[in-house]
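First the structure, in the form of structure tokens, and then the observations on it.
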């Protein structure tokens, strides 16, 4: 059966709570609309900006409206989603597994919270662990599809506003996660300030949306002809514009490395041969210079890593996600009931101010 054709006249809800989720789900939205489906957006909480909705994108503003519209499928790049809304719940992921560990030493990327019917995984190194969890729990399915977010990475021909063809310098992209324990931002300020003054590289900077405002302001004050601080809901053009990245344990480095470009990390929680990891702030500059030589062994290790992370370069991951969701919707396999999640659902009802049953 052509499960893409089954999209016609079906309803798909994009459930988001962060601005970066727009870029994650828009390639999937394009596929749905191209195959005759309907799309609505629901923006949960204060961390997502309604102004980022395009003029032709339609939204629902309450749980009551969601229930009335009654979506067939709900896509969410999040860890949790209310189970009391209608529709097949599909986890898309908001990033790659960067190896971050919680306070208990556990990797939250593989934590099952009982919210989803389908997990669409990005590549073998996440598919295999989720398949083991599928066997253990038996209330969800796992399909390896690739990540819709990256479709424009592999088929975009649009002009990139961050590329400056008049500047011959190499472009360094600096990104950081928001956790004070993991973030390079408070630890490498003096080094980055020096980089911005010496002008060896053209520097672009982008932080996680949850970065403390005082740190954001501190780095924004460094802006000059050598350094540009950027806030955006779509990081893909930034990644494409850079020759090299300086990062910490943020999952954005995994998106960057898929271009087969080197990444220098500072105190990465999960370092490997594919990264140049530095723990001494005074050695960061030398590491960047070394990475820009594109050493043969490093590039080979990067390629091997990327085959496990996300082996798809065809720009068709959105099609595979949509087909997988439609197949599960139409075949309706017998799965165990999801956990009641009484406490989590109570918290979600309180957050969304929804108490009807």
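The values are calculated or read from the model by the stated rules, or taken from the named source; none is laboratory data. Computed from a predicted structure; not experimentally measured. Note that each Cβ is placed from the backbone with ideal geometry, even for glycine, and that neighbours are counted across all protein chains shown.
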- Message: If residue 31 satisfies all but one of (1) surrounded by fewer than 19 Cβ atoms within 10 Å (Cβ to Cβ); (2) farther than 19 Å from residue 80 by Cα, what's the number of the condition it fails?
- Response: (1)
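Rundown of residues vs (1) surrounded by 12 or more Cβ atoms within 10 Å (Cβ to Cβ); (2) over 30 Å from residue 187 (Cβ atoms); (3) modelled with pLDDT of 95 or more, yes/no style:
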position	(1), (2), (3)
274	yes, no, yes
305	yes, no, yes
311	yes, yes, yes
321	yes, yes, yes
325	yes, yes, yes
334	no, yes, no
357	no, yes, no
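State all residues of the stretch 207-243 that are within 23 Å of residue 302 (Cα to Cα), surrounded by fewer than 22 Cβ atoms within 10 Å (Cβ to Cβ) and within 20 Å of the chain's Cα centre (by Cα); if no residue qualifies, say none.
235, 236, 237, 240, 241, listed by residue number.
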- In the stretch 72-86, how many residues are within 14 Å of residue 322 (Cα to Cα) and part of a loop (DSSP other than H, G, I, E, B)? 1
- Only unsatisfied item for residue 261, checking (1) more than 30 Å from residue 202 (Cα to Cα); (2) surrounded by 15 or more Cβ atoms within 10 Å (Cβ to Cβ), is (1)
- Message: Can you find a residue that is touching a residue at least 60 places away in the same chain (Cβ under 8 Å), in contact with a helix residue (DSSP H, G or I) (Cβ under 8 Å, 6 or more places away or on another chain) and crowded, with 17+ Cβ neighbours inside 10 Å anywhere in the stretch 278-296?
- Response: yes
- Query: Just a yes or no: is a residue in the stretch 194-201 out of contact with any helix residue (DSSP H, G or I) (no Cβ under 9 Å at 6 or more places or on another chain) and either under 23 Å from residue 97 (Cα atoms) or in contact (Cβ under 8 Å) with a residue 40 or more places away in the chain (or both)?
  - Reply: no
- With respect to the numbered conditions (1) in contact (Cβ under 8 Å) with a residue 12 or more places away in the chain; (2) over 27 Å from residue 321 (Cβ atoms), which one is the sole condition not fulfilled by residue 143? (2)
- Residues in the stretch 140-148: is at least one assigned to a helix (DSSP H, G or I) and either surrounded by fewer than 20 Cβ atoms within 10 Å (Cβ to Cβ) or modelled with pLDDT of 95 or more (or both)? yes
